[in-house]
1. Quick check on the range 224-252: of everything there that is in contact with a Leu (Cβ under 8 Å, 6 or more places away or on another chain) and β-branched (Val, Ile, Thr), which residue is modelled with the highest pLDDT?
2. Please work out if residue 584 is farther than 22 Å from residue 522 by Cα, more than 35 Å from the chain's Cα centre (by Cα) and either at pLDDT 85 or above or aromatic (Phe, Trp, Tyr) (or both).
3. I'm told residue 301 meets every condition in (1) touching a helix residue (DSSP H, G or I) at 6+ places or on another chain (Cβ under 9 Å); (2) surrounded by fewer than 24 Cβ atoms within 10 Å (Cβ to Cβ); (3) not aromatic (Phe, Trp, Tyr) except one. Can you identify the failing condition by its number?
4. Anything in the range 348-383 that is open to solvent by 80 Å² or more (accessible area, probe 1.4 Å), at pLDDT 85 or above and either assigned to a loop (DSSP other than H, G, I, E, B) or among the aliphatic types (A, V, I, L, M) (or both)? List them, or say none.
5. Given 260, 278, which one is among the aromatic types (Phe, Trp, Tyr), assigned to a helix (DSSP H, G or I), open to solvent by less than 40 Å² (accessible area, probe 1.4 Å) and more than 20 Å from residue 356 (Cα to Cα)?
6. Here is a list: 275, 193, 232, 215. Which entry is within 22 Å of residue 450 (Cα to Cα) and of a type in the set (Gly, Ala, Ser)?
7. Scan the range 99-144 residue by residue and report those that are among the charged types (D, E, K, R) and more than 21 Å from the chain's Cα centre (by Cα).
8. Got a number for residues in the range 533-581 being assigned to a loop (DSSP other than H, G, I, E, B), surrounded by 11 or more Cβ atoms within 10 Å (Cβ to Cβ), at pLDDT 70 or above and hydrophobic (A, V, I, L, M, F, W, C)?
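The values are calculated or read from the model by the stated rules, or taken from the named source; none is laboratory data. Computed from a predicted model, the values in this text were never measured in an experiment. Backbone-built Cβ (ideal geometry, glycine too); neighbour counts: all protein chains shown. All accessible areas refer to the heavy atoms of the entire protein, side chains included, with ligands and DNA or RNA removed. Shrake-Rupley method; radii C 1.70, N 1.55, O 1.52, S 1.80 Å.
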Amino acid sequence: MKFAFLLSLPTLSSAWVTGRPSSASVSASASSVGGGRNNNVALNAADEYSVGVLGDLHVDPRKMEDYETGRAQWMPILQEDHERHGNVAICSLGDLGESKSVRPDETSELFAGTTECHEIAAEFLSSFGFPYEVIGGNHDLEGIDEFATDEENLEMFMRTHGKPTPHFERLIAEKTLLVGMSSTVFRSAKYTSHEVTVDDEQMAWFEQMLIDHPSTDGWKIFVFTHAPPNGSGLRVLQENHVVNGCCWLNHSDDAKCRKFIELVREHRCIKAWFSGHFHLGQDYQDSITFPTIDPKDGPYPDRGSCVFVQTSVMRGGTSRDGRQQSRLLRGNKDGFEVCTVDHQKEGAIRVDATITYTDDNHEVGVYAHGDEAKKEDKYFKVYQPCKGDDLHEPDDGYMDYDGTLILDKEITKESVAWWKMYCGRVLGMLNGNLIEYDPSTLAPLGLVVGADELVGKRLAVIESGLDAYCEVDEENEEMGMEGADCVDAEPGEQAVILYDPVSNSSTVIQPNEDGSYWRKIVRNKMIRMKENRRIKAAKQFTTDILALDDGDEINVVSSWGPYISTVGTATATGVAGLTTPSNL
């Protein structure tokens with residue numbers, strides 16, 4: 001597909017060809033860190049710079065109008081800044097193609113992640129005429145019909161966009177770096193394939209790059225990833241990304257998920273971090289979060305020197321709240337501005353926040369406007385607990401207790417409460433769900449109990465360790481298992497109980513094997529596709545073998561691996577209420 005745009009391309013140095021630097025434009029002193037592409041280009045004398053940040057494109061070749069309009073709106077902005085100081089670049093935050101068939105009458109093949117998808121996206125990004133960088137999102141390796149492995153898909157992605165590595169590093173102004181990291185896992189994801197996974201090699205490169213560019217030497221680094229890190233404080237979607245375990249970078253791995261905010265706290269050279277993924281607009285004030293706030297407004301957020309920035313989408317059909325917006329980063333040696341380019345207002349530029357450096361390790365951020373919410377907005381800010389600090393008490397939802405916590409009121413969708421377990425885990429209720437939160441950042445991690453089970457019940461946290469229920473029943477104990485109840489029990493052990501005075505029943509919410517509580521319910525897409533094929537095959541087989549008519553109802557259920565028993569010897573495999581009668 002060729003792009004035919006009415007606006008002419010900007011007049012650039014002959015060193016640039018379709019947005020890519022030639023070797024002649026690379027500074028002799030530039031160096032590539034961690035094997036990444038050498039994008040440290042020769043700079044203009046000005047200390048100013050401008051970066052156009054594009055959110056999830058999800059290009060659909062049938063619906064190119066919004067992309068053509070968006071590009072036409074961007075061109076005068078980039079051209080003006082190029083003429084003023086010359087230091088201009090574009091960064092795409094990934095998810096480049098539509099995650100469905102774009103020719104449904106011909107094929108069911110998903111468009112995202114295919115060679116055709118990335119070639120069209122590369123042509124579109126190159127058509128701006130300015131150098132561009134791109135990172136991979138959770139849909140960019142989704143070419144599952146074309147490529148057998150993530151490695152093959154990733155190789156095509158990098159080759160098509162001229163990337164020697166999944167990450168990038170670009171010098172945009174003196175001692176000012178743009179860096180980005182890609183998601184490199186889809187087929188081999190342990191849980192949901194839509195988790196944004198930055199691999200160990202990129203993480204090692206990123207940490208070393210931060211060490212090599214300290215704030216004490218005047219370095220300022222702007223980071224770009226598809227999803228934000230845990231601890232960013234940005235608005236998220238509980239009904240989608242929270243419950244599915246794909247909000248944050250490396251969401252399903254506690255240590256790797258938390259690593260990014262730990263690096264932000266340690267390295268003050270990180271000045272801003274841009275992400276997309278949520279398809280939410282930029283009118284909410286919490287689409288930007290500051291590293292520090294006035295003590296009168298709340299506790300210290302502990303986000304180093306980093307401003308976190310959520311980026312919306314360009315095409316209308318991909319927006320969750322109807323907004324179509326991109327981000328514009330403009331900066332110099334004294335600070336930077338984060339702006340919105342509004343594609344529904346003819347590309348109008350609105351300043352959203354101004355950040356002024358007070359020294360190499362500190363800055364002051366000012367919001368340029370409050371929330372600009374619409375009455376029809378349904379994506380409200382997800383409640384996040386506030387643990388307080390030396391100057392502030394925890395929020396009203398915090399439940400402090402000693403030994404036993406009993407919430408002896410019927411739980412509703414309006415119930416709000418959170419508490420700390422002895423083991424350090426944090427649980428809370430929101431919108432009728434039981435949610436686990438990160439102990440350090442109190443960011444939501446995932447769903448523990450859904451509203452279908454929780455609403456109408458009552459909840460208690462009780463002690464269940466050695467001092468509580470560890471007694472050997474010599475009469476009834478199975479031979480060879482005497483005292484097994486006491487193995488590995490700790491004095492601080494607890495049980496989370498849902499109880500129902502109507503049915504005289506209770507449910508124990510057992511933690512996962514790693515000690516976490518949130519359920520990794522949504523699994524790898526490749527596995528789920530195979531399971532669905534087996535179910536379809538079972539329906540067809542049952543219809544044929546039982547000689548059923550087309551209108552006859554067929555009940556097909558699946559059995560799989562969650563552990564459902566505490567016995568030490570396997571005697572039954574039925575799932576109560578599914579494959580065997582319910583116990584309640």
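1. This residue is 225.
2. no
3. Against the list (1) touching a helix residue (DSSP H, G or I) at 6+ places or on another chain (Cβ under 9 Å); (2) surrounded by fewer than 24 Cβ atoms within 10 Å (Cβ to Cβ); (3) not aromatic (Phe, Trp, Tyr), residue 301 comes up short only on (1).
4. 366, the sole residue that qualifies.
5. None of the others qualify; the one that does is 260.
6. The match here is 193.
7. 103, 105, 106, 109, 116, 119, 123 - these are the residues of the range 99-144 that are among the charged types (D, E, K, R) and more than 21 Å from the chain's Cα centre (by Cα).
8. 3
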